[in-house]
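The values are calculated or read from the model by the stated rules, or taken from the named source; none is laboratory data. The model shown is predicted, which means the values in this text are computed figures rather than measured ones. When we count neighbours, we look across all protein chains shown, and the Cβ atoms used for this are built from the backbone with ideal geometry, even at glycine.
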């Protein structure tokens, strides 16, 4: 088992270094070693999860192509410029809202340069809002009803009569409080901007006089608004169907017992329909939808889940009895330890959804209650730990003052402490909430 685990970790590490679809395709290579080399029987690939993500990404990409994402950025910029002194508190909730609505943290790219510019103009150290804003965009993944991670969690806990509302009623308030705690800490991070040596150096050298970011002008604000409304309506419909099972269609397929439509199919149908309506009503070119940042990032996530999650499922399935015997006692006595495993795995996988798909079967097999697994859900947001994730790198580059940075020792970067605070508070509050809910 340890030799197999070594191959799994090597595939993950090399895939993460390659970037892009490298994580997924290296997962496929690791899977081939497990099956052809060690004789493990491959599990079923996560087809439903992948198709749900494709449908959501299709709708979000169409909204972006229609100008909906640019319109949301305009709204965010207006809010920040009206309340510049509160930017460290407001910014994380803006990026949280973007991710919550779109289901992917990569939409933060659009608003991060706005945050950096407003902070710089107001002479507030940009590191303060930028650091927690990136963390908030990650935390919201485990609260968004249409994110790949939430979809994976729902599909795997469906057999325990867990609904989408059950997950959201814990993950949403917990991650919001966690983000707020991280924002409060960020208010006092670092020196004030005008006292920062790097900012002073850049001012004297003239580096801050050029390259100022400006938001794009909307070509058709009315159509952009329509795209946002359609996407939001589809998201609300998914929440309703996921929270109230009686709303889901039932079918009599020649049997005595009627079957109810699966949530996976409902999500896929609603999101594909929203994508189609956006293109038709706003008259947006479908080619433009696949050229945006949302589609690119989303399809990378699909490939990652395809390879890495399939490899992880196969490894855990083939070694389930051995792993259970080794850690069952500790996890039974201290279930929160499984949250630590989720955090560490997310650092390696750079994907909340892939982490859920890879480790949740083990948690279920160990007898951890579904409510405990929901409380531990925000622990999969650990990929800020190593500062090489795209949104982290983008935030550093967008801050022209240099205050948002990677430290001398790599791990002492601008996102570490806000990320740890948000994760610990989110999980801790979740463990407290389930005592009153379950």
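Restricting attention to segment 1-43 and to residues that are in contact with a helix residue (DSSP H, G or I) (Cβ under 8 Å, 6 or more places away or on another chain) and part of a loop (DSSP other than H, G, I, E, B), the residue that is farthest from residue 353 (Cα to Cα) turns out to be 38. Within the set 140, 108, the sole residue that is modelled with pLDDT of 85 or more and buried (at least 24 other Cβ atoms within 10 Å of the Cβ) turns out to be 140. Only one of the listed residues (366, 337, 420, 360) is crowded, with 17+ Cβ neighbours inside 10 Å, free of Cβ contacts under 8 Å to residues at least 12 places away in the same chain and closer than 30 Å to residue 165 by Cβ. That residue is 420.
Each row is one residue, and each column tells you yes or no for (1) touching a helix residue (DSSP H, G or I) at 6+ places or on another chain (Cβ under 8 Å); (2) modelled with pLDDT under 80; (3) over 30 Å from residue 169 (Cβ atoms); (4) surrounded by 14 or more Cβ atoms within 10 Å (Cβ to Cβ).
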position	(1), (2), (3), (4)
214	no, yes, yes, no
243	yes, yes, no, yes
250	no, no, no, no
265	no, no, no, yes
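Note on segment 141-159: residues that are part of a helix (DSSP H, G or I), in contact (Cβ under 8 Å) with a residue 60 or more places away in the chain and within 15 Å of residue 170 (Cβ to Cβ) total 6. Mind counting the residues in segment 246-261 that are under 22 Å from residue 147 (Cα atoms) and free of Cβ contacts under 8 Å to residues at least 12 places away in the same chain? Number satisfying all stated conditions: 1. Residue 348 meets the stated requirement of being within 20 Å of residue 1 (Cα to Cα), in contact with a helix residue (DSSP H, G or I) (Cβ under 8 Å, 6 or more places away or on another chain), at pLDDT below 75 and buried (at least 22 other Cβ atoms within 10 Å of the Cβ).
Counting only helices (runs of 4 or more DSSP H) that sit completely within segment 344-430, those holding 2 or more residues that are more than 20 Å from the chain's Cα centre (by Cα) and over 30 Å from residue 123 (Cβ atoms) correspond to 352-365, 370-376. Here residue 162 meets the list (1) modelled with pLDDT under 90; (2) under 24 Å from the mean Cα position of the chain (by Cα); (3) more than 21 Å from residue 244 (Cβ to Cβ) almost entirely, failing just condition (3). Being assigned to a helix (DSSP H, G or I) and over 15 Å from residue 389 (Cβ atoms): is that true of residue 131 here? When the stated conditions are applied, residue 131 does not pass them.
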